[in-house]
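Report on the structure given below.
The values are calculated or read from the model by the stated rules, or taken from the named source; none is laboratory data. None of the values given here were measured: they were computed from a predicted structure. Glycine also receives a Cβ, built like all others from the backbone with ideal geometry; neighbour counts cover every protein chain displayed.
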């Protein structure tokens, strides 16, 4: 079980997040949405342990995977090394299997800049799932992809989520992404003391998600 | 393409011709010998073993000073680039050392430590560390924060982070610092040898300076220039190419 219990978070004297509390169960996929610049990515970074400057507590498992908005690969290491370097306990065989799960098995010795953006995103997904994460965090993972590639990535993500059953939290501004992937939607709204949860559950409507606009 | 390859050769031939013209006009081998007059002297020094022993002494000093300056400068630059607080404290020191003439540091090291090998190497190292640190600091400031976050999320061990995330990003800066480092260090080593050592190319140049033997000064100077050109072609350029391999793949 993942527990987020943020009391507050500020950048300097500017409050960014107010009280935000929610949990994500194993096997559950939650979409986090809200207006642009409200602090959704900050919530993800706090949950992942990247940002530790906040008031509150986080309960998270050991195995955390993060799919960043950009593929965030090591351009100077081969495709296979991009799986094995962050996961040194994996054997090369397991690395190849992770690549196979996203259809990159024949690109193992390529460098990332020899891949298309879609392939780089798939590599980033393979890296995230290579060690069966208990918590999967994704920051707008399908943004800036053409419709066809985004659809293919979503299909792949669905398949991997079903296979590995992590607790998953992802940021999105897209109603279709939320409807397709999420079991539950959390909507953030601006408050003077920082962002707070406006709605949490299945009842967040498509119109509310559309209302936040692209970010 | 052919012309582009010929240009540096033609340019060097031009320099050589200029030397020949100057030597002919001077018409005094004691002041400026003709290029071909250096050949027999070079063979004489190489044959007696004198050239090699002094060359080796200088190379060892260059290697020590280079290794120390690169290691300390890289560490200092990395820390200063990553921590604004440390940078605020150490930046004024860096400015002071950057503006301290090499000669002052050399003289002070000899006065404080004595005319020893350690003093010579420390003097050269201290001269170069600030330059390396400044270059590496720029590299450290340009490190990709997203890659840092990625390394943190996947709990990459420190050594692995350094090897796979930090150093590949710093490599072009390290290569630049190394290249300018080698060029500057060997020149300072010669000064250090000139002032307070009894071996090395700098010592020999000092000796022949006192004897007013321009030809021998040139023989020793050119021998070491050749060594440094070999270092450039055989070590530095291949290293630079290897750090760029992924960009051109």
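For this structure, a couple of remarks:
- Looking only at region A:101-121, and only at residues there that are away from chain B (no Cβ under 14 Å), surrounded by fewer than 16 Cβ atoms within 10 Å (Cβ to Cβ) and under 30 Å from residue B:240 (Cβ atoms), the one that is modelled with the highest pLDDT: A:116
- A Cβ distance below 8 Å, combined with a sequence gap of six or more or placement on separate chains, defines the contacts here; from region B:46-67, residues that are surrounded by fewer than 15 Cβ atoms within 10 Å (Cβ to Cβ) reach residues that are not in a helix (DSSP H, G or I) in the pairs B:53/B:199.
- Tabulated pairs, region A:52-67, first at positive phi, second at pLDDT 90 or above and loosely packed, with under 15 Cβ neighbours inside 10 Å, C-beta under 9 angstrom, 6+ apart or interchain: A:56/A:5; A:56/A:7; A:56/A:21
- Segments classed as helices (runs of 4 or more DSSP H), wholly inside region B:49-162, with at least 1 members that are over 20 Å from residue B:195 (Cα atoms) and more than 22 Å from the chain's Cα centre (by Cα): B:50-82, B:84-98, B:117-141, B:145-153, B:158-161
- Residue tally, condition surrounded by 20 or more Cβ atoms within 10 Å (Cβ to Cβ), in contact (Cβ under 8 Å) with a residue 40 or more places away in the chain and assigned to a helix (DSSP H, G or I), over region B:189-222: 13
- Test: residue B:215 is under 18 Å from the mean Cα position of the chain (by Cα) and away from chain A (no Cβ under 14 Å): no
- Test for residue B:168: is it in a helix (DSSP H, G or I), within 18 Å of residue B:77 (Cα to Cα) and more than 10 Å from every other protein chain (Cβ to nearest Cβ): no
- Residue count for region A:101-121, restricted to those that are over 21 Å from residue A:64 (Cα atoms) and outside any helix (DSSP H, G or I): 8.
- Test: residue A:155 is crowded, with 19+ Cβ neighbours inside 10 Å and closer than 30 Å to residue A:35 by Cα: no
- A residue that is at pLDDT below 90 and within 27 Å of residue B:139 (Cα to Cα) occurs nowhere in region B:194-211.
- In region A:26-74, of all residues being in contact with a strand residue (DSSP E or B) (Cβ under 6 Å, 6 or more places away or on another chain) and loosely packed, with under 15 Cβ neighbours inside 10 Å, the one that is farthest from the other protein chains (Cβ to nearest Cβ) corresponds to A:55.
- Scanning region A:78-95 for residues that are without any contact (Cβ under 8 Å) to a residue 12 or more places away in the chain and within 11 Å of chain B (Cβ to nearest Cβ) yields a count of 4.
- Meets criteria (part of a helix (DSSP H, G or I) and more than 11 Å from chain B (Cβ to nearest Cβ)) for residue A:98: yes
- Those strands (runs of 3 or more DSSP E) of region A:122-190 in which 3 or more residues are within 14 Å of chain B (Cβ to nearest Cβ) and in contact (Cβ under 8 Å) with a residue 40 or more places away in the chain occupy A:135-139.
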